[in-house]
Amino acid sequence: MNNGKLEKGDVLRVMANVVIAFILHELPIGSLFFTLPLLMLDKRYPKKITDTACVAALVLVLGRNILYNLDILNQSLTWVFIMVNMFIPLSLVLCAVVWVNKDDAESIFLRMACSFIPAVVLFAVYGIFFAVFSDLGSIISADYTEMISAMLTPFFSAAGIDTGVLAYLVMLTILSLLLPFLFMNHFGIVYIYEAASHPESVEFEKRVMNFRIPEFFIYIFLSLWALVLLFYFVAVPQWVSIPVLGLAVVSMLFYFVQGFAIADYNIRIRKPGMTSFKLASWLLLILVIFQVVNLILVLGLSLAGVLENWVNLRKRKEFSDEDYS
């Protein structure tokens, strides 16, 4: 770059990252890493370049949705479906933009919490929209339920199970876990980005090992799960129960991250050569290969994160006494 202006090679590189992000979005597994090529631009260019690239990638995704439905754009319902399809990419891009624009020196917890706010706000906006336009919400819900039912029919119809009811329950589960999915997706991407940006950085490893959630957060965590328990006994509208359950799981995932930091700290005491990225890779490999332990491992690390509110699980201080949380 020359005086803050992009040279031809820089423009091509930025455009290539935008195209790669778009291609990843169109792939089943690649869509999980949609924002990673966009975040990687922040290593070399000013933040406004990263922001612009994020907008450009979103425009490509939106353009693809419009072209795919070009023959029925005159129907208002088509635009509602496009709006629904844009929720996840828009949420992830907004989260990524907030992350890169937050100061690196800030608390990791604060960056995590602030960068995830756009997804929560957008989820609320969508919820309010479909609550106000309930007829549209019913049509969208019916269409997605029918789509899920068609996918389940070959597996459950022979057993005499009503796939329509099962599909409805699956859809409610998906909606309840949408915010947790976005949180883990966003956090996984930014962790890969940060680990790649700080290769063999001692300070980065210390910040991961010493990550701590502020004490006040335990009250948010307990309050959300108390509401979830209450909703099992008191009937409330789904527009209330679904986001509360989603936020409760997100609060648990914050403690899962803290549990990972605890594990990283204690493992590195015994194996100083281990890095947080290696540990995360092993953890992901275990979750993929031994899927039966997925829930046990996630709950175990989350419980460890919660317990540290009362029990110090990182007693030894061979690495640093400084709090990098």
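The values are calculated or read from the model by the stated rules, or taken from the named source; none is laboratory data. Everything numeric here is computed off the predicted structure, so don't read it as measured data. Please note: Cβ atoms are built from the backbone with ideal geometry, for glycine as well, and neighbour counts cover all protein chains shown.
Quick check on my filter: what residues within the stretch 177-198 are farther than 17 Å from P37 by Cα and part of a loop (DSSP other than H, G, I, E, B)? Residue satisfying the conditions is L177 alone.
Among the residues of the stretch 28-55, those that are touching a helix residue (DSSP H, G or I) at 6+ places or on another chain (Cβ under 9 Å) and among the hydrophobic types (A, V, I, L, M, F, W, C) comprise L32, F33, F34, L36, L38, L39, M40, L41, I49, A53, C54, V55.
Among the residues of the stretch 75-104, those that are outside any loop (DSSP other than H, G, I, E, B) and among the polar types (S, T, N, Q) comprise S76, T78, N85, S91, N101. For the stretch 210-218, state whether one or more residues are at pLDDT below 90, among the charged types (D, E, K, R) and closer than 26 Å to L287 by Cα. Checked against the condition, which is being at pLDDT below 90, among the charged types (D, E, K, R) and closer than 26 Å to L287 by Cα, the stretch 210-218 yields no hits at all. Within the stretch 203-249, the set of residues being in a loop (DSSP other than H, G, I, E, B) and of a type in the set (K, R) comprises just one member, R212. Restricting attention to the stretch 94-129, report how many residues are small (G, A, S) and under 13 Å from the mean Cα position of the chain (by Cα). Number of matching residues: 4.
Of note, T50 satisfies the criterion of being part of a helix (DSSP H, G or I) and under 20 Å from the mean Cα position of the chain (by Cα). In the stretch 243-265, the residues that are in contact (Cβ under 8 Å) with a residue 40 or more places away in the chain form Cβ pairs under 9 Å with partners that are of a type in the set (D, E, K, R) and part of a helix (DSSP H, G or I), at six or more places apart or across chains, as follows: D264/E205. Considered as a group, the residues in the stretch 286-308 that are surrounded by 15 or more Cβ atoms within 10 Å (Cβ to Cβ) and at pLDDT 90 or above include one that is nearest to V249 (Cα to Cα), and that residue is S302. Per the conditions (1) under 28 Å from N266 (Cα atoms); (2) in contact with a Lys or Arg (Cβ under 8 Å, 6 or more places away or on another chain), the sole criterion not satisfied by H186 is (2). Within the stretch 157-180, the residues that satisfy the criterion of being buried (at least 16 other Cβ atoms within 10 Å of the Cβ) and either touching a His at 6+ places or on another chain (Cβ under 6 Å) or without any contact (Cβ under 8 Å) to a residue 60 or more places away in the chain (or both) are T163, L166, A167, Y168, V170, M171.
Condition check ((1) acidic (D, E); (2) more than 19 Å from S281 (Cα to Cα); (3) in contact with a His (Cβ under 6 Å, 6 or more places away or on another chain); (4) at pLDDT 95 or above) across all residues:
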{"site": "E194", "(1), (2), (3), (4)": "yes, no, no, no"}
{"site": "E200", "(1), (2), (3), (4)": "yes, no, no, no"}
{"site": "K206", "(1), (2), (3), (4)": "no, no, no, no"}
{"site": "V240", "(1), (2), (3), (4)": "no, yes, no, no"}
{"site": "V249", "(1), (2), (3), (4)": "no, yes, no, yes"}
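Within the stretch 53-74, the set of residues being assigned to a helix (DSSP H, G or I) and at pLDDT below 90 comprises L70, D71, I72.
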